[in-house]
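Novice: Mind having a look at this structure? Questions to follow.
Throughout, read-outs are computed from the coordinates displayed, never taken from laboratory work. Quick caveat, the model's predicted, so the values are computed rather than measured. For neighbour counting, all protein chains shown are included, and Cβ atoms are generated from backbone atoms with ideal geometry for every residue, glycine included.
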């Protein structure tokens, strides 16, 4: 899964970078609390995260992504005065006909995440 906080620049611009940092930390805790012990959640850069889930098919990963998306949307983030945070998520899996390396897997998840952004944000798309 590739996860990106929607309109995160607005959070930093409106509430300041310290609150933005708190939002990132809260998201990391939320992700970590919702994944299996064998999964890995990591910040990928900026406001992007990646979650690697071994031995999970794409359909189950998409279901997990939706649970995470809904949890972020309903989470009360400190310092945001009730403002909602949303994320867009792209899901990809291996093996697949066009995904035969880790680089292609990440690229496919990234492209699916951008498709979620194009389709209005706060959604999950599958590669």
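Novice: Can you give the % of DSSP beta bridges in the stretch 2-126 that are antiparallel, to the nearest 5?
Specialist: Roughly 80 percent of the DSSP beta bridges within the stretch 2-126 come out antiparallel.
Novice: Next up: Helix 58-74 sits at what angle to the longest principal axis of the chain, using alpha carbons and giving 0 to 90 degrees rounded to 10?
Specialist: 0
Novice: Using the alpha carbon gyration tensor of the stretch 21-75, what are the three equivalent-ellipsoid semi-axes (square root of 5 times each eigenvalue), largest first, in whole Å?
Specialist: So the equivalent ellipsoid measures 19, 13, 10 Å along its semi-axes.
Novice: With a cut-off of 8 Å between alpha carbons and a minimum separation of six or more residues, what is the relative contact order of the stretch 2-126 in percent?
Specialist: Relative contact order comes out at 29 percent.
Novice: Same structure again: With label points built 7 Å along Cα→Cβ from the Cα atoms of residue 100 and residue 71, find their separation and express it in nm.
Specialist: 3.6
Novice: OK, next. How big, in percent, is the set of alpha carbon pairs in the stretch 1-49 lying more than 17 Å apart?
Specialist: Cα-Cα pairs of the stretch 1-49 separated by over 17 Å account for 34 percent.
Novice: Relative contact order for the stretch 36-80: what percent, with Cα pairs under 8 Å and sequence separation of 6 or more?
Specialist: Relative CO of the stretch 36-80 lands at 23 percent.
Novice: Using Cβ contacts closer than 10 Å as the measure, can you line up 68, 89 from fewest to most?
Specialist: The order, fewest Cβ neighbours first, is 68, 89.
Novice: Only counting other Cβ atoms within 10 Å, I'd like 105, 24 sorted with the fewest neighbours first.
Specialist: Ordered by Cβ neighbours within 10 Å, fewest first: 24, 105.
Novice: Shifting gears a bit: Report the Stokes-Einstein translational diffusion coefficient (µm² s⁻¹, integer) for the stretch 47-127, Rh taken as the Kirkwood radius over Cα pairs, at 4 °C with viscosity 1.567 mPa s.
Specialist: Diffusion coefficient, whole number: 97 µm²/s.
Novice: Test of understanding: ordering 39, 21, 4 by Cβ neighbours within 10 Å, fewest first, what list do you get?
Specialist: Final ranking by Cβ density, sparse to dense: 21, 39, 4.
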